[in-house]
Amino acid sequence: MFRSVRGMKDLYGSDAEKYHFIFTRIKSIGERYGFSMIHTPLLENTDVFQRSIGDETDVVSKEMYTFLDKGGESMTLRPEGTAGVIRAIVSENLTQRFPVKYMYCGEMFRYDRPQKGRFRQFRQIGFEYIGDKSPYTDVMLIMIASESLHSIGIFDFNIMVNTLGDEETRENYTKAIVKYLSRHEESLSDDSKLRLKKNPLRILDSKDKQDVDICSMAPSILDYLNKESRQYFEKVCTLLESCKIKYEINNFLVRGLDYYSHTAFEIQATGAGYREALGGGGRYDKLLPIFGGPDVSGVGFAIGIERLMLIIKNGMAFREPVRIAVIPVNESENDFAFKVYRELQECGIGTDFIQTGNLSKKMKTADRLGSKIAVILGETEIESGIATIKIMDSPETASKNKSVSISKLAAFLKWNIEERTRSC
């Protein structure tokens, strides 16, 4: 029997409903802020990611799914969304109308050890605002990230903020980091020993315990900010405070990609069920020129949908849609019951029509399909014009029948669904 590839899972049933719930809610936030959808290919030329993300990042050096196609070209399944969006903006000549605001949602691929909230095929929803370098747009993206989580009922999270400054700041800070870490080189992990020579700031992103301990005493980038970078970061913090967005400054937050400059941020879950990063992002000043575009700045972020689904699974936000089962008692009532089923569907009420088996088997099928309410239509109900209603949330409620006029059935069911939604 064939099984799904390790680290890649099928999405169906309640998980598929959760995915749709998350996407719909967050997409509506983006639309309110003026973002429109963009869909980029799953497959890009490898250079799209190598040149933008950085050769020495873990994503490029260890995690990308890269292969030669039949024409001998190196192709890569996208490991993140920003590079493909920027490539599309340049290649589709969308650079004539800056600023542009795009959001995306879809599959990403990284070869990583599968674990809780981490898959080799995973889904992200992200936002990119290109063409306006301003602390205001940085804060706008953080606002969208915060509101997106609130919209799906997630409130237990921290927003960690840092600055990576401009090129001058990073050059000076890199020298200080190399000087400090060189004194501890023998104690660094093998990966970090290599990074010390090629990309020392990446060491600050290491998850190795020994590296983390060493980096905890490293110089802070805040001590190396030039005037422009300091003013920019101070303005970001001031705006966050004026918007009443709670945040923490993390001096060593650099994220895992090389293209960030100035503001970087990460959202970390703080609830009991899951305490990992939900997503993050930051500003990128030099990404468009890499793809042959104009020298304009952008800012963006992405959130991992599977990680949100884990939290929702703990009962914080998601409620499955209320489904109705229309059940004829006998075969002779099928036509009438099907007519009622069709009318409920036309009224926008999610309904199943169950007509196979005896009444007991039909009720079990309704329960298996997740129906919360059963509309029973037998000879007596049809003659009287009164449907029998079973509320199937629990054995206690299912044993108590309600009687509702068939002519008022749609209104009753809509009221019931709205009441359940409000109670959630």
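The values are calculated or read from the model by the stated rules, or taken from the named source; none is laboratory data. Source: prediction; values computed, not measured. Every residue, glycine among them, receives a Cβ derived from its backbone with ideal geometry; neighbour counts consider all protein chains shown.
Of note:
- Qualifying residues in the stretch 117-147 (those that are hydroxyl-bearing (Ser, Thr, Tyr) and outside any strand (DSSP E or B)) - the one farthest from Ala88 (Cα to Cα): Ser146
- Boolean, Gly106 is in a loop (DSSP other than H, G, I, E, B) and of a type outside the set (D, E, K, R): no
- Some residue of the stretch 70-78 being assigned by TED's automatic domain parsing to the domain that holds Gly293, part of a helix (DSSP H, G or I) and either out of contact with any His (no Cβ under 8 Å at 6 or more places or on another chain) or more than 22 Å from Leu278 (Cα to Cα) (or both): no
- Every pair of residues 6+ apart whose Cβ atoms lie under 6 Å, when the first sits in the stretch 83-109 and is not assigned by TED's automatic domain parsing to the domain that holds Ile38 while the second is surrounded by fewer than 21 Cβ atoms within 10 Å (Cβ to Cβ) and acidic (Asp, Glu): none
- Among the residues listed as Gly126, Gly153, Gly165, the single one being of a type outside the set (D, E, K, R) and in contact with a His (Cβ under 9 Å, 6 or more places away or on another chain): Gly165
- Restricting the stretch 62-96 to residues that are among the small types (Gly, Ala, Ser) and buried (at least 18 other Cβ atoms within 10 Å of the Cβ), the residue that is farthest from Gly282 (Cα to Cα) is Ala88.
- Scanning the stretch 193-227 for residues that are under 29 Å from the mean Cα position of the chain (by Cα) and not in a helix (DSSP H, G or I) yields Asn199, Ser206, Lys207, Asp208.
- Among the residues of the stretch 260-303, the ones that are over 21 Å from Ser146 (Cβ atoms) and without any contact (Cβ under 8 Å) to a residue 40 or more places away in the chain come to 3 in all.
This table checks each residue for (1) within 26 Å of Thr82 (Cβ to Cβ); (2) at pLDDT 85 or above.
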| site | (1), (2) |
| --- | --- |
| Glu168 | yes, yes |
| Asn172 | no, yes |
| Ser192 | yes, yes |
| Glu228 | yes, yes |
| Leu239 | yes, yes |
| Cys243 | yes, yes |
| Glu248 | yes, yes |
| Gly256 | yes, no |
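- Matching entry among Asp223, Asp166, Asp156, Asp138 (being charged (D, E, K, R) and in contact with a strand residue (DSSP E or B) (Cβ under 6 Å, 6 or more places away or on another chain)): Asp138
- Filtering Gly357, Gly370, Gly350 for residues that are outside the structural domain of Ala277 (by TED's automatic domain parsing) and modelled with pLDDT of 85 or more leaves a single hit, Gly357.
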